[in-house]
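The values are calculated or read from the model by the stated rules, or taken from the named source; none is laboratory data. Quantities reported herein were computed from a predicted structural model and do not represent experimental measurements.
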Amino acid sequence: MTPIKIVLSAALFWLGSGATALAYLDPGSGSMFLQLLLGGVAGVVMLLKFYWHRLLVFFGINGIKKEETPSKTPGAPDAERPHRTRIVPRPAESRSSTAMAVSSGI
């Protein structure tokens, strides 16, 4: 045996051979351990939920099928994207108390 193994074995034997502890686990300790266990399980479940797709890609499993997108003409407007309208305040000199100008920019 190497010297480090002898020292570690002696330290473990010394720590494990102490007098009786006269300790007990009360209901508060049990509920704390149960809460720790349930919190750990919930954390693992959320971690898997957030990184599920990355795990599938890492293991080479492709569970998601990509839909084919139709080819688009370069100059044609995008029919899938809704038209956006911005509300822009008018300049201070022509503004009334509640009037707002509507701009249809991108």
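Taken over the range 13-39, the residue count meeting the criterion of being part of a loop (DSSP other than H, G, I, E, B) and at negative phi is 9.
Evaluate the range 40-62: report whether one residue or more is assigned to a loop (DSSP other than H, G, I, E, B) and either at pLDDT below 60 or on the phi > 0 side of the Ramachandran plot (or both). Among the residues of the range 40-62, at least one is assigned to a loop (DSSP other than H, G, I, E, B) and either at pLDDT below 60 or on the phi > 0 side of the Ramachandran plot (or both), which makes the answer yes.
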